[in-house]
1. Using the Cα centre as the reference, give the magnitude of the dipole from point charges on the C-beta atoms of the stretch 79-192 (Lys, Arg: +1; Asp, Glu: -1; all else neutral), rounded to the nearest 20 debye.
2. Which lysines, on any chain, are close to LYS173 with Cα under 23 Å apart, when same-chain ones fewer than 8 places away are left out?
3. Quick one: which residues, 5+ away or cross-chain, put their amide H under 5 Å from the amide H of THR29? H built at 1.01 Å from N.
4. Could you order peptides 9-17, 87-95 by the average number of other Cβ atoms within 10 Å of their residues, highest first?
5. For the stretch 80-218, state what percent of all Cα-Cα pairs lands in each successive 10 Å bin, counting from 0 Å until the bin that includes the largest distance.
6. When N is the residue count of the stretch 1-104, what does its C-alpha Rg come to as a fraction of 2.2 N^0.38 Å?
7. Just subtract the alpha-carbon distance of LEU98 and ASN72 from 0.36 nm times their residue separation and send over the number in nm, one decimal.
8. Looking at the chain, send over the antiparallel percent of its DSSP beta bridges, to the nearest 5.
Amino acid sequence: VVLDVVGKIVGFRGMFPVLFQVPEGNGGTEVRSGGVYAFWNVIPELRGKGFGRRMHDEMLRIAPIVSGLGSNRNTSVPIYMKNGWSYLDTLHRYVRPLDVMGYSRLLHNKSGLVNVRRWDADLSTPLAIEPTQPDTSRLVDVWTTTTSEIGIFTQYRNEEFWSWRYLDSPGFKYHFFGDPEATGVVVARMEVIYAEDVPELHGKRMLRIIEIVPKDLV
């Protein structure tokens with residue numbers, strides 16, 4: 001959405017169109033169109049005059065189901081909350097480091113260091129497995145079966161999603177592990193560690209798990 005005042009562009013509101021998987025009242029899910037909010041801005045001299053709200057309302061008219069990340073708690077978040085939005089205070093991050101001590105050196109917050117080091121005792125010798133060539137139709141099947149059981153609200157993962165997000169990604173090469181019909185699927189990628197304050201780890205590579213989709217939840 002572009003805000004035009006007397007022939008001058010003074011603000012804009014961006015949104016990525018997506019499909020959402022939405023829980024239904026009977027325990028199932030349905031696929032509905034919506035969007036994910038991106039950056040928005042109004043020129044300084046017109047802020048506080050309701051123009052941002054007008055763009056906001058127009059975006060809701062276009063996509064009644066929306067989500068977003070990275071909103072400023074001091075500016076846009078109060079606006080959302082005033083209009084009945086839900087807000088997550090934090091996101092869960094699940095970690096299983098292969099090198100426990102190396103990983104602990106990368107943590108800025110050391111408050112959970114004792115728990116991190118306990119993983120040393122829990123980590124058994126893993127079996128070596130090779131990546132597999134994914135079949136997007138099978139990925140859709142396992143995703144739909146697993147998530148429909150618990151009725152979660154999430155971005156819908158159809159064949160197009162698996163292709164543009166992972167298989168055709170220009171930024172990373174993604175690796176798929178597992179069998180959708182037997183165990184489920186893990187999607188991972190290799191990343192370069194950026195930690196100039198830890199020279200022995202800076203520039204080395206790490207395996208980052210992006211998706212874990214089990215065959216079932218038993």
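1. Details: 12 positive and 14 negative charges, 146 e Å.
Roughly 700 debye, rounded to the nearest 20.
2. Cα-Cα hits under 23 Å: LYS204.
3. Amide H to amide H, under 5 Å and 5 or more residues apart or across chains, THR29 pairs with GLU24.
4. Result, highest mean Cβ count within 10 Å first: 9-17, 87-95.
5. Values per bin, smallest distances first: 9, 30, 32, 25, 4, 0.
6. Details: Rg = 18.2 Å, N = 104, 2.2 N^0.38 = 12.8 Å.
It is 1.42.
7. On the way: separation 26, 0.36 × 26 = 9.36 nm, distance 3.43 nm.
Contour length minus the Cα-Cα distance gives 5.9 nm.
8. 95
No value in this document is a laboratory result; all are computed from the given coordinates. Note that the structure is a prediction, hence the values are computed from the model and not measured. Backbone-built Cβ (ideal geometry, glycine too); neighbour counts: all protein chains shown.
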